[in-house]
Amino acid sequence: MTQVSVFPTPVLPGLRNLLSRYAESTMWLARYMERIENMARLIEVTGTSVHASNLDAGWDSVIRINADEDTFFLRHKVATERTVVGFYITDPDNPDSIVSMARCVRENARVLRPLISTEMWMHLNMFTRWAMDLGPDDVGAGYLSTLCTRLKQDCQTHFGITEGTLYRDQAWLFYLLGKNLERADQITRLIDIKYHTLLPSGEGVGSDIDMSQWTSVLRSAAAYHAFRRVLPEGMTPANIVGFLLKNDGFPRSLSTSLRCVYSVLGSLAGEYRLRHCGPILERVEELRVTLAEQTVEDIILRGLHEYMDWIQRELRLIQNEIAGAFWPPVAVQAVSGG
Amino acid sequence: MSDMKMAAQAAGLFATYDVPDFFCELLNRKDIPPPGLQQVRDRLARFDLAELRRRAAAVEAQFYRLGITFTVYSDREAIDRVLPFDVIPRVLTAPEWDHVERGVQQRVRAINLFLHDIYHERRILRDGVIPAQLVLGNANYCQAMVGLDVPGGVYVHINGTDLVRDRDGRFLVLEDNARTPSGVSYVLEDRQMMLRLMPDLASGLDLRPVDEYGPRLHRALAEVAPAGVDDPQVVLLSPGIYNAAYFEHVFLAREMGIPLVEGRDLTVEDGRVYMRTVAGLRPVHSIYRRLNDDFLDPQVFNPDSLLGVPGLVDAYRRGNVTLANAIGTGVADDKAVYAYMPRIIRYYLDEEPILTNVETHICAEPEGLAYTLANLEHLVVKPVGESGGYGLLIGPHATQAELEDFRGRLRADPANYISQPVISLSVSPTLCPAGVEARHVDLRPFAVTGRETWVLPGGLSRVALRKGSLVVNSSQGGGAKDTWVLAS
C-alpha cells in the first residue's frame, strides 16, 4: 500500500509554479460564471415578481443593481421587459450581457485548457457555444423562465464539476478567490439597491409592496428557503439584511464569502509561500471584523447604503491588490523581479 | 486485383468497394497480409454500413464536445471546425513500419548534420555537393545561427516527414517538415477515440501504442537543455488562443505536464529567460516553440511582432536556453534543398537513402533540364525560388500552348525549377456519403530527437475526402485516419 503523507505535495512536478496569466484567467472564469448565474437569477425573479397589472414595472431595478443607467439609456428610452432582457441577455455590445460574458468565459477557458479537467472543458465548451448563440427568439416572455433555469443549471453544473474534478493547487485557490469576491460583490449590490431605491415613495417600510420586494431579494440571492428555515417568523428588513450579510451558514452571505477569501489567501501565503499576501489578508480581515462587530441595526442606523458602498470599494481594492501582487503589469515586474 | 475481389466477395461493407488501379492500403496490396491485417479486414467487412455511420456520428459528436478543432479563418471571423475523422483505420504491417522508422531516423540524422555543417564549416558547399547559393541565399538561412553550437548538435528536435506510397506500394518522401510540424495531437486523440468508440475493431490486436509521445518529447527536450541544469524547466511557447493549432499546443503541454506559455509570459533578464508566475520570475531552460522564426524575437526578427520575447535570441546565443526546433532549420525542408536530400544523406552518412525521394529532376543541371523538356507532358514542374509556391505546371493536365510556354520559362531560368513524375498515391477505404469508397492518403510520421531519435509508431494519415482529389490538407477538405502499426 502507498503511504499517506501528512502533508501531501500540493503541486504537480512539471507545473510547480502557476503562470500569472493562468491565475488571472482562473479568477475571471469563476467571476464570470458566478456573474452569469446571478444575472439569470435576477432576471428570472424580476420576471416573476413584477406586478400583474404592469408587466414592465420593476425592470429598471435590474439596471440600477448593475449600475448600468448610462449605457442602457443611451440605447433604450424605457426599461421594459423586452429592452432590459435584450440588454442583459442577447446584446453583444453590452459587456455585461450573458452572450458577452459567455464569450469571456470561453476565452478564459481556452487559456486554461491546459490546466482544467476534461470534464470542465467539455461542459464549458458546450455551454459557451450555446450561450453565445442566444438570440431574440430565445428570450420571449414565454421562455424567459425556462431560459434562466437552464442558465442557472449550467452554471451550477459547472461549479459542481469544478468542485469534483479540478486539481487542488494554486489555480483552484485563485478560482475560489474569484467566485467568492464576485458573490460578495453581488450580495452587497442586491441589498444596496433594494434598501435605497426600490421602494416607491408613499409606501412605508414593512408595507405589502415592501415585503414582496424583500421576498424577491431573498429569492434573487437563492436565500428564501434558507431564511425561512432560520427565521420562520422574522420577515423584517433588518432580519433579511442581517441574514444576507452576516449569516455564517448561508453559502452566499457576505460573511461566508469573506471567510472563504480570507482562508484562500491564507493558504496561498502558507502552503504556497506566496509573498505579497500579507497586506491583502489584513484588508480582508478588517472587513470581516467590522462586519462582525456591528449589529444590523447599527449598520442601518448609520446608513446601509454608505456601508454597502464602502464594502464594494474595499472589494475593488482587494481585487486590485491581488492583481498587483500576482499578475503585475509587465513593466513593473521587469523592474522588481530578477 | 484478385486479392481485392476475394475481400469484396467476402462481404457486406466492401461489397461495392471499387478499387481503381491504385495501391490500396487495406484491400489491394502486393503482399500476403499478416494475420492482424486480415483480421481488421474481416471485422470491417462484417460491419453494417448503418452501424458504421452511427459510430462515425458518435465520434464526431464527441470531438465536437471536446472542442478538438482547428481554426478556419474566413473573411469575418475565425471558426472552429472539427477535423473530419474517418473511422476506418489505415494499417501498417511491422516490416513496413520498420522500414519507415529506419528511413525517418536516417533522414533526421542527415538533416541535423547538414544544418550543423552549413552553419559552421560549410564542407558540403565547398565540396560542391549542393550549390552554395541555394543554401546561403536561401530566405530561411539565418545569420544569427552562424557559428553557434546547439546542445547535442540537434537542430531539428521534432520532425514530420510527409510520405506517400506509389502504385507499387513503395514509400516515397514528398516533403520534410523541419520547422514546426503539426498534427501529432490528432494521432493521439484519434487513437483514444477509436479505442473508445470502435473497441470491437481493435480488440485483441497487437497494436503499437502511441501514448508514449508526451513523455518521450518531454525527455528529449530536457536532454537538450543547456548543460549544468539539473532539473530543466521546459515550456511550450504558443502564439495564443487564436492560433489555428492552439488545440495541439494545449494537448502537447498537457501530455508533457509543462506550462503552455505565450510571449508575454516570458521575459529575458541578463541573457536568461524567465516566466512570470504568481511567485515571481522563474527560470526557463528549454522551449518547445510553436512560433515561426520571424516572430520569436522582435529585437532580431520582425520588430512589429508582439508574439515573441525581446532578447530571446540573445539568451539563445549565450547558450542559456534551448529552442526546439532551432532557428534557421527552414533551409533543410526547402523544396529546392529537398531535391538534394539523397545526395546529402550519402555525403554525411555514406549510406544509401532508406526512403527515397519522389524521382526529382533538378533543372539547374543539364541532364535534369534535358529530361524535363523532353517529358514535360508527363511531369509536375515546381518552381523552387524564394517566391516559390505558384507557377506550378501539371504536365498531363496542361494544353499544348501551356507546355510550350513553360518550355520557354524553363530555358530562361532553369535553376528555378525541379520536375517530378505524377505519383499515383495509394488509397484507403473511407466512409463517404455514398458508402465505403477509395480515397487517397498520405502519412506523416513524427520523429523526436534528444540524445537519440525516436519515431512515434504510425503517425498522421491524412485522407483526401473528395473523390479523386490528391489534396489531403485539412484546410482543403482533408480528414484524418487512425494509423495502426501492427507489432508483429
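The values are calculated or read from the model by the stated rules, or taken from the named source; none is laboratory data. From a predicted model like this one, the values you see are computed outputs, not experimental measurements. Ideal geometry is used to build each Cβ from the backbone, glycine not excepted, and the neighbour counts take in all protein chains shown. Ligands, DNA and RNA are stripped out before the accessible areas are found, and what is left, the full protein with its side chains, is counted by its heavy atoms. Shrake-Rupley method; radii C 1.70, N 1.55, O 1.52, S 1.80 Å.
Inside the stretch B:44-99, counting only strands (runs of 3 or more DSSP E) that do not spill past its ends, which hold 3 or more residues that are more than 14 Å from chain A (Cβ to nearest Cβ) and either surrounded by 18 or more Cβ atoms within 10 Å (Cβ to Cβ) or modelled with pLDDT under 95 (or both)? Even if it seems obvious, please write down each step before you answer.
Working: elements: B:69-73, B:78-82, B:85-92.
Strands (runs of 3 or more DSSP E) meeting the threshold: B:85-92.
Of the numbered conditions (1) under 24 Å from B:D334 (Cα atoms); (2) open to solvent by 50 Å² or more (accessible area, probe 1.4 Å); (3) touching a residue at least 60 places away in the same chain (Cβ under 8 Å); (4) assigned to a loop (DSSP other than H, G, I, E, B), B:D168 fails exactly one; give the number of that condition.
(1)
Given B:V284, B:V278, which one is open to solvent by less than 10 Å² (accessible area, probe 1.4 Å) and over 30 Å from the mean Cα position of the chain (by Cα)?
Details: B:V284 fails: over 30 Å from the mean Cα position of the chain (by Cα).
Exactly one of B:V284, B:V278 is open to solvent by less than 10 Å² (accessible area, probe 1.4 Å) and over 30 Å from the mean Cα position of the chain (by Cα), namely B:V278.
Within the stretch B:28-42, work out how many residues are in contact with an Asp or Glu (Cβ under 7 Å, 6 or more places away or on another chain) and of a type outside the set (G, A, S). Show your work before the answer.
Of the stretch B:28-42, the ones in contact with an Asp or Glu (Cβ under 7 Å, 6 or more places away or on another chain) are B:28-30, B:36.
Now narrow it down to the ones that are of a type outside the set (G, A, S): B:28-30.
Adding up the residues that qualify gives 3.
Of all residues in the stretch B:201-213, which are touching a helix residue (DSSP H, G or I) at 6+ places or on another chain (Cβ under 7 Å) and within 14 Å of B:Q39 (Cβ to Cβ)? It would help to see each step written out before you state the result.
So in the stretch B:201-213, the residues touching a helix residue (DSSP H, G or I) at 6+ places or on another chain (Cβ under 7 Å) come out as B:201-202, B:205-206, B:210-211, B:213.
Listed by number, the residues that qualify are B:L201, B:A202, B:L205, B:D206.
When the stretch B:233-247 is examined, which residues are found to be surrounded by fewer than 22 Cβ atoms within 10 Å (Cβ to Cβ) and away from chain A (no Cβ under 11 Å)?
B:P239, B:A244, B:A245
Kindly indicate which of B:L306, B:L291 is open to solvent by 20 Å² or more (accessible area, probe 1.4 Å), away from every other protein chain (no Cβ under 11 Å) and aliphatic (A, V, I, L, M).
Working: B:L291 fails: open to solvent by 20 Å² or more (accessible area, probe 1.4 Å).
Selected residue: B:L306, the only one of B:L306, B:L291 that is open to solvent by 20 Å² or more (accessible area, probe 1.4 Å), away from every other protein chain (no Cβ under 11 Å) and aliphatic (A, V, I, L, M).
Test B:N375 against the stated conditions and say whether it is surrounded by fewer than 22 Cβ atoms within 10 Å (Cβ to Cβ), closer than 26 Å to B:V300 by Cβ and not hydrophobic (A, V, I, L, M, F, W, C). Working first, answer last.
On the way: surrounded by fewer than 22 Cβ atoms within 10 Å (Cβ to Cβ): yes; closer than 26 Å to B:V300 by Cβ: no; not hydrophobic (A, V, I, L, M, F, W, C): yes.
Answer is no for this residue.
Of all residues in the stretch B:176-210, how many are closer than 21 Å to B:G479 by Cα and either assigned to a loop (DSSP other than H, G, I, E, B) or among the hydroxyl-bearing types (S, T, Y) (or both)?
8
Within the set of pairs 6+ apart or on separate chains, which have a first residue in the stretch B:205-218 that is modelled with pLDDT under 95, a second that is in a helix (DSSP H, G or I), and C-beta atoms under 6 Å apart?
B:L205/B:G36
Given the structure, is B:G263 of a type outside the set (S, T, Y), surrounded by 23 or more Cβ atoms within 10 Å (Cβ to Cβ) and more than 11 Å from chain A (Cβ to nearest Cβ)? First the steps, then the outcome.
Details: of a type outside the set (S, T, Y): yes; surrounded by 23 or more Cβ atoms within 10 Å (Cβ to Cβ): yes; more than 11 Å from chain A (Cβ to nearest Cβ): no.
No: the conditions fail for B:G263.
Where the second residue is assigned to a helix (DSSP H, G or I) and basic (K, R) and the first is in contact (Cβ under 8 Å) with a residue 60 or more places away in the chain and open to solvent by less than 10 Å² (accessible area, probe 1.4 Å) and lies in the stretch A:33-46, which pairs have Cβ atoms under 8 Å and are six or more apart or on separate chains?
So the pair list comes out as A:M33/A:K179; A:E34/A:K179; A:E34/A:R183; A:E37/A:K152; A:A40/A:K152.
Find the strands (runs of 3 or more DSSP E) located wholly in the stretch B:391-451 whose residues include 3 or more that are among the β-branched types (V, I, T) and at negative phi, and list them.
Of the strands (runs of 3 or more DSSP E) lying wholly inside the stretch B:391-451, none has at least 3 residues that are among the β-branched types (V, I, T) and at negative phi.
Suppose we filter the stretch A:221-242 for residues that are more than 18 Å from A:N180 (Cβ to Cβ) and buried (at least 19 other Cβ atoms within 10 Å of the Cβ); how many remain?
Residues meeting the conditions: 5.
Starting from residues that are of a type in the set (S, T, Y) and more than 14 Å from every other protein chain (Cβ to nearest Cβ), keep the ones in the stretch A:158-180 and report whichever is most open to solvent (accessible area, probe 1.4 Å). Steps first, answer last, please.
Initial filter on the stretch A:158-180 (of a type in the set (S, T, Y)): A:162, A:165, A:167, A:175.
Within this subset, residues satisfying the condition of being more than 14 Å from every other protein chain (Cβ to nearest Cβ) are A:162, A:165.
Working: A:T162: 0, A:T165: 54 Å².
Checked the stretch A:158-180; the qualifying residue most open to solvent (accessible area, probe 1.4 Å) is A:T165.
List pairs: first residue in the stretch B:268-287 and more than 8 Å from chain A (Cβ to nearest Cβ), second residue of a type in the set (F, W, Y) anywhere in the structure, Cβ distance under 7 angstrom, at least six positions apart or on different chains.
Between residues of the stretch B:268-287 that are more than 8 Å from chain A (Cβ to nearest Cβ) and residues that are of a type in the set (F, W, Y), the close pairs are B:P283/B:Y274; B:V284/B:Y274.
Would you mind finding the one in B:D206, B:D211 that is charged (D, E, K, R), more than 13 Å from chain A (Cβ to nearest Cβ) and touching a Lys or Arg at 6+ places or on another chain (Cβ under 9 Å)? Spell out the reasoning first.
Working: B:D206 fails: touching a Lys or Arg at 6+ places or on another chain (Cβ under 9 Å).
Of the residues listed, the single one that is charged (D, E, K, R), more than 13 Å from chain A (Cβ to nearest Cβ) and touching a Lys or Arg at 6+ places or on another chain (Cβ under 9 Å) is B:D211.
Which one is most open to solvent (accessible area, probe 1.4 Å) among residues in the stretch B:13-28 that are at pLDDT below 80 and in a loop (DSSP other than H, G, I, E, B)?
B:P20
Could you tell me how many of the residues in the stretch B:262-280 are closer than 19 Å to A:I322 by Cα and of a type outside the set (K, R)?
Here the count works out to 6.
Assuming A:E282 fulfils every condition listed in (1) open to solvent by 60 Å² or more (accessible area, probe 1.4 Å); (2) touching a helix residue (DSSP H, G or I) at 6+ places or on another chain (Cβ under 8 Å); (3) modelled with pLDDT of 95 or more apart from one, which condition is it?
Failed condition: (2).
Does B:R107 satisfy the condition of being in a helix (DSSP H, G or I), open to solvent by 10 Å² or more (accessible area, probe 1.4 Å) and among the basic types (K, R)? Don't jump to the end; show me each part of the working.
On the way: in a helix (DSSP H, G or I): yes; open to solvent by 10 Å² or more (accessible area, probe 1.4 Å): no; among the basic types (K, R): yes.
No; evaluated as a whole, the condition is false for this residue.
For the stretch B:318-340, indicate whether the set of residues that are under 21 Å from B:G160 (Cα atoms) and surrounded by fewer than 18 Cβ atoms within 10 Å (Cβ to Cβ) is non-empty. Don't jump to the end; show me each part of the working.
Filtering the stretch B:318-340 down to residues under 21 Å from B:G160 (Cα atoms) leaves B:322-340.
So of that shortlist, the ones also surrounded by fewer than 18 Cβ atoms within 10 Å (Cβ to Cβ) come out as B:335.
Yes - at least one qualifying residue is present in the stretch B:318-340.
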